[in-house]
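Here is the structure we will look at.
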Amino acid sequence: MGTAIIIGAGEGLSASLARKLHLRGHTIVLAARNIEKLDDLQKETNAFLVACDAADTNDMEKVFAAADALGEPLDIAVYNPSARVRGGITELDPEAVKSAILITSYGAFLMAQQAAKRMIPQANGAILLTGASAGVKGYPNSSTFAMGKFALRGLAQSLARELHPQGIHIGHFVIDGGIRSTARPERIDAPDNPDSMLDPEAIADSYLHLLDQPRSSWSWEMEVRPWVETF
């Protein structure tokens, strides 16, 4: 096994992925704006930590340079960051919108470019992008998030057509629902609605399922949602 990079690491899905990939034998590199919050996860997974603004070209290059220094091939690169700016179209601050879109989609381009430079020569690897239902259907007062996630999905689709023939597996995950966490627990006052939120461990298992697909039947997109969500 080689190196797995997770951009936008934190609790929840990122932590679940880091643990599962560590157990598979991958060397883990975790990147986030605030790496102090990753101390416990770092100890659990023996991860290397890199401070990173996902929308900054130099920071993204620094993450991959740190991974290169480990001397192992790059197996997996995961992009999780996103940013929301809510509000009606006439009320939105253009600079805040620009910043959010850069984080949600432009940063994914930066990551994919760095990953592809390393994976194309070895004809192997996987680039995984965490999307949302906002990437396939726009919601009112959420135009910023929709723009970012639609761009992310377009990037994934284009990369799949470009890089699948070169041995690099692209995965885009439509996360349609709330992810359970310590800050966002399952509602215990709704006994008739069990599993109404997405379990980060289960989502991570879906990522691993895509990674394990034979090349003859690669998916480029997977959608996950709890049963309470409408289509």
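The values are calculated or read from the model by the stated rules, or taken from the named source; none is laboratory data. If you're wondering where the values come from, they're calculated on a predicted model, not measured in any experiment. Quick reminder, even Gly has a Cβ in these numbers, built from the backbone with ideal geometry, and neighbours come from all protein chains shown. Please note that ligands, DNA and RNA were not included when accessible areas were found on the heavy atoms of the full protein model with its side chains. Shrake-Rupley method; radii C 1.70, N 1.55, O 1.52, S 1.80 Å.
Rounded to the nearest 500, what is the 222 nm mean residue ellipticity of the chain from helices alone, with -39500 (n - 2.57) per DSSP H run of 4+ residues and division by all residues?
Per the formula, -12000 deg cm²/dmol.
What does the net charge come to around G154 if you take all other residues with beta carbon closer than 12 Å to its beta carbon, with K and R at +1 and D and E at -1?
The answer is +2.
Along the charge dipole of the chain, pointing to its positive end and built from +1/-1 on Cβ of Lys, Arg, Asp and Glu, which listed residue (C52, G154, L30) has its Cα farthest out?
G154
Does segment 30-72 come out rounded, prolate or oblate by the C-alpha gyration tensor, with a ≥ b ≥ c the root eigenvalues, rounded set by a/c under 1.5 and, if not, prolate when a/b is larger than b/c and oblate if not?
Working: a/c = 3.79, a/b = 1.22, b/c = 3.11.
Because a/c hits 1.5 or more and a/b fails to exceed b/c, segment 30-72 counts as oblate.
What net charge do the residues around V174 carry, taking every other residue with its C-beta under 13 Å from that of V174, with Lys and Arg at +1 and Asp and Glu at -1?
Combined, the nearby Lys, Arg, Asp and Glu give 0.
List, in order, the whole-Hz ³J(HN,Hα) value for each residue of segment 108-122 obtained from phi through the Karplus relation with A = 6.51, B = -1.76, C = 1.60 and θ = phi - 60°; use x for Gly and Pro.
Calculated HN-Hα couplings, in order: 5, 4, 4, 5, 4, 5, 5, 5, 5, 4, 8, 7, 4, x, 8 Hz.
When a/c is below 1.5 the answer is rounded, else prolate if a/b is larger than b/c, else oblate, so apply that to segment 1-49 with a ≥ b ≥ c taken from the square roots of the Cα gyration tensor eigenvalues.
Taking the square roots of the gyration eigenvalues as a ≥ b ≥ c, segment 1-49 is prolate.
Taking a 1.4 Å probe, which of K43, K149 shows the most accessible area, and what order do the others take after it?
Largest to smallest exposure gives the sequence K43, K149.
To the nearest 20 debye, what is the magnitude of the charge dipole of segment 70-137 about its Cα centre, counting +1 on the Cβ of each Lys and Arg and -1 on the Cβ of each Asp and Glu?
Working: 6 positive and 5 negative charges, 27 e Å.
With Lys and Arg at +1 and Asp and Glu at -1, about 120 debye.
By a straight-distance test (C-alpha under 18 Å), which aspartates and glutamates pair with K20 as possible cross-link partners, with residues fewer than eight away in the same chain excluded?
Excluding near neighbours in sequence, the set is E11, D39, D40, E44, D75, D199, E201, D205, D212.
Sort W218, W227 from largest to smallest accessible area, using a 1.4 Å probe on the heavy atoms of the protein chains.
W227, W218
Pull out the extension gain between A123 and S142, defined as 0.36 nm times the separation in residues minus the alpha carbon to alpha carbon distance; nm, one decimal.
Value of the extension gain: 3.0 nm.
Just to be sure I understand the model, the point goes 7 Å from the Cα along the line to the Cβ. What's the resulting N58 to L208 distance in nm?
3.9 nm
Using only the Cα atoms of the chain, build the gyration tensor, take square roots of its eigenvalues as a ≥ b ≥ c, and label the shape rounded, prolate or oblate: rounded if a/c is under 1.5, else prolate if a/b is larger than b/c, else oblate.
rounded
Using only alpha carbon pairs under 8 Å that are at least six residues apart, calculate the relative contact order of the chain and give it in whole percent.
18 percent
Please give the contour-minus-distance gain from T90 to Q157: 0.36 nm per residue of separation, less the Cα-Cα distance, rounded to one decimal in nm.
Contour length minus Cα-Cα distance gives 21.0 nm.
Would you work out which of F173, A116, A77 lies farthest towards the positive end of the dipole of the chain? Charges go on Cβ: Lys and Arg +1, Asp and Glu -1.
Projecting each Cα onto the dipole axis, the largest value belongs to A116.
Whole-Hz ³J(HN,Hα) for each residue in segment 88-94, computed from phi via Karplus 6.51 cos²θ - 1.76 cosθ + 1.60 with θ = phi - 60°, x for glycine and proline: what do you get?
x, 4, 7, 9, 6, 7, x
Using θ = phi - 60° and the Karplus relation 6.51 cos²θ - 1.76 cosθ + 1.60, list the HN-Hα couplings for segment 124-141 in order, rounded to whole Hz, with x at every Gly or Pro.
6, x, 9, 10, 10, 10, 8, x, 7, 4, 5, x, 10, 8, x, 10, x, 6
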